[in-house]
C-alpha cells in the first residue's frame with residue numbers, strides 16, 4: 001500500500017509547479033500550497049484519497065475551517081477571507097488531480113443519460129452541418145437542456161410531445177421577459193425541434209408550432225455613443241499607463257476605428273497583424289467570413305504599445321490577455337463588457353442604450369454614414385453579409401435626415 005504522505009508531496013509539487021508556470025506571485029504559491037496541504041491532511045484523517053475526493057469533502061473541510069477553534073465569530077471577516085483562499089486553492093489542486101473541477105455528476109437514471117446524449121447530438125448537428133459559432137451553439141444547447149428538463153418535470157416525454165406542451169413551455173419561459181427575448185427563445189426552440197425531427201427522435205416537425213412575437217425590421221433604434229463621448233473615453237483611458245490601461249486603450253481604438261465586434265477582438269491573434277504591409281486580418285465571429293483591413297497608425301501604435309509594455313509574458317497567440325494570473329485569453333466577446341463599462345464610468349459617459357462594446361460599433365457606423373461612405377463599403381468594414389444589416393444604422397443619422405427634409409409650402413404653413 002502506497003504511503004499517502006508521499007502521494008500528497010507529489011501533488012503539492014505539481015501544484016507549485018503549475019502556479020509558477022502560470023506566473024502566479026510567490027506569495028500566492030506559498031499560500032495556495034499551504035492551504036492545499038491542510039486539505040490533504042484533512043483527507044488523510046478521514047481516510048479519503050485525493051483521487052476520490054468529492055464536492056461534499058471540500059464543503060465539509062471548509063465548514064470545519066470556518067467554525068474551528070482558531071476561527072470563531074470575533075474573526076469572522078478573516079475567516080471568510082481564508083475560506084475563499086482555501087476554496088480556490090483546493091479547486092485548483094483538484095483540477096490537476098481530476099483534469100476538471102467540479103466533476104460532472106453521473107446521470108441519475110437512464111432518462112437523464114438520454115437527455116445528455118440528445119443535447120450533445122444537437123450541438124454536433126449545429127457545428128458540423130450548420131457551422132454555427134460556439135456562443136450561438138452554447139445558447140441553443142442551454143435552451144434545449146431547459147426544454148427537456150421542463151418537459152420531464154411536467155411528466156411529458158419527447159415521444160409524446162404535443163403543440164400544447166410547446167405553448168405551455170413558451171408561456172412559462174416568456175412570462176417575465178421582453179419581446180426580443182421571447183423572440184430569441186422561440187427561434188432557439190424551433191431550431192431544436194427541427195433537429196429532433198431530422199434526427200427522427202420525434203415523428204412530426206413541430207418547429208412550425210412555436211409561436212413567438214413579431215419583430216418588424218428596423219423597429220428599434222440602435223444605440224450609439226456620440227463622437228464626443230468616444231473621444232472622451234479614449235482620452236481618459238489613454239492617461240492610464242498601467243498594463244490594464246494600455247490593453248483597454250488598444251481595444252477601444254479597435255472598437256472606435258473599425259467598429260469590430262467584441263468576439264472579433266478577443267479572437268485576434270498575433271499572426272493576424274501584418275506589420276510589414278500594415279494590414280489587419282479579421283475573422284468575423286458572426287458570419288465566419290474573413291476581412292483584410294488597413295492597419296491605421298493610431299490603432300497600430302496602441303497595439304504596439306500594449307505588446308511592448310502591457311502584455312504578460314506568455315506563449316498564447318491571442319493578442320489580448322487577461323491582466324492577472326492565470327494568464328489566459330478572453331473566453332468570449334462578452335468578457336469585454338466589464339472593462340468597457342469600467343472605462344465608460346471613468347470617463348463619466350453614460351450611454352442611453354447599450355453600455356458595452358457594441359455601442360462603439362454603432363458609433364463608427366454613424367460616423368461613416370455622415371462621411372457619405374456607401375452602405376456596401378460600410379457593410380464590408382463591419383463584416384455584414386447584406387446591406388439590410390447595415391441599413392439599420394440609417395436611423396441613427398437623424399441630423400443628416402433633417403438636412404434633406406423638404407420645405408413646407410407657404411400655403412400649408414398658413
Hey, among 367, 350, which residue is within 29 Å of residue 237 (Cα to Cα), modelled with pLDDT of 60 or more and touching a helix residue (DSSP H, G or I) at 6+ places or on another chain (Cβ under 7 Å)?
367
Across the range 112-127, what is the number of residues that are modelled with pLDDT of 90 or more and out of contact with any helix residue (DSSP H, G or I) (no Cβ under 9 Å at 6 or more places or on another chain)?
2
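Pick from 17, 56, 36: which is surrounded by 14 or more Cβ atoms within 10 Å (Cβ to Cβ), outside the structural domain of residue 328 (by TED's automatic domain parsing) and either within 30 Å of residue 328 (Cα to Cα) or modelled with pLDDT of 85 or more (or both)?
Details: 17 fails: surrounded by 14 or more Cβ atoms within 10 Å (Cβ to Cβ); 56 fails: surrounded by 14 or more Cβ atoms within 10 Å (Cβ to Cβ).
Just a single option satisfies the conditions, and that option is 36.
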In the range 167-219, residues that are without any contact (Cβ under 8 Å) to a residue 24 or more places away in the chain and under 12 Å from residue 147 (Cβ atoms) total 4
Let me spell it out: the conditions are (1) under 21 Å from residue 84 (Cα atoms); (2) modelled with pLDDT under 90; (3) in contact with a helix residue (DSSP H, G or I) (Cβ under 6 Å, 6 or more places away or on another chain), and residue 23 meets all of them except one. Which number is the exception?
(3)
Tell me, which helices (runs of 4 or more DSSP H) wholly within the range 76-156 include 2 or more residues that are more than 30 Å from residue 262 (Cβ to Cβ) and free of Cβ contacts under 8 Å to residues at least 12 places away in the same chain?
76-98, 110-128
I'd like the full set of residues that are within 22 Å of the chain's Cα centre (by Cα), modelled with pLDDT under 90 and more than 30 Å from residue 155 (Cα to Cα), limited to the range 81-111.
100, 101
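Answer yes or no as to whether residue 336 is assigned to a helix (DSSP H, G or I), in the same structural domain as residue 314 (by TED's automatic domain parsing), buried (at least 19 other Cβ atoms within 10 Å of the Cβ) and over 23 Å from the mean Cα position of the chain (by Cα).
Working: assigned to a helix (DSSP H, G or I): yes; in the same structural domain as residue 314 (by TED's automatic domain parsing): yes; buried (at least 19 other Cβ atoms within 10 Å of the Cβ): yes; over 23 Å from the mean Cα position of the chain (by Cα): no.
No; evaluated as a whole, the condition is false for this residue.
So is residue 142 surrounded by 15 or more Cβ atoms within 10 Å (Cβ to Cβ) and within 16 Å of residue 187 (Cα to Cα) or not? Full working, then the answer.
On the way: surrounded by 15 or more Cβ atoms within 10 Å (Cβ to Cβ): no; within 16 Å of residue 187 (Cα to Cα): yes.
When the stated conditions are applied, residue 142 does not pass them.
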Selection from the range 135-168 of residues that are touching a helix residue (DSSP H, G or I) at 6+ places or on another chain (Cβ under 6 Å) and modelled with pLDDT under 90
156
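Any idea which of 224, 262, 250 is surrounded by 23 or more Cβ atoms within 10 Å (Cβ to Cβ) and at pLDDT 95 or above?
Values: 224 fails: at pLDDT 95 or above; 262 fails: at pLDDT 95 or above.
Answer to the selection: 250.
Looking at the structure I just gave you, is residue 293 outside the structural domain of residue 21 (by TED's automatic domain parsing), closer than 28 Å to residue 226 by Cα and loosely packed, with under 15 Cβ neighbours inside 10 Å?
Working: outside the structural domain of residue 21 (by TED's automatic domain parsing): yes; closer than 28 Å to residue 226 by Cα: yes; loosely packed, with under 15 Cβ neighbours inside 10 Å: no.
Judged against the criteria, residue 293 is not a match.
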Flagged in the range 151-175 as loosely packed, with under 15 Cβ neighbours inside 10 Å and farther than 18 Å from residue 211 by Cβ, in numbering order, are 152, 153, 154, 155, 157, 159, 160
For the range 265-274, which residues satisfy the criterion of being part of a helix (DSSP H, G or I), in contact with a strand residue (DSSP E or B) (Cβ under 8 Å, 6 or more places away or on another chain) and surrounded by 20 or more Cβ atoms within 10 Å (Cβ to Cβ)?
266
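The values are calculated or read from the model by the stated rules, or taken from the named source; none is laboratory data. Since we're looking at a predicted model, the values are computed, not measured. Backbone-built Cβ (ideal geometry, glycine too); neighbour counts: all protein chains shown.
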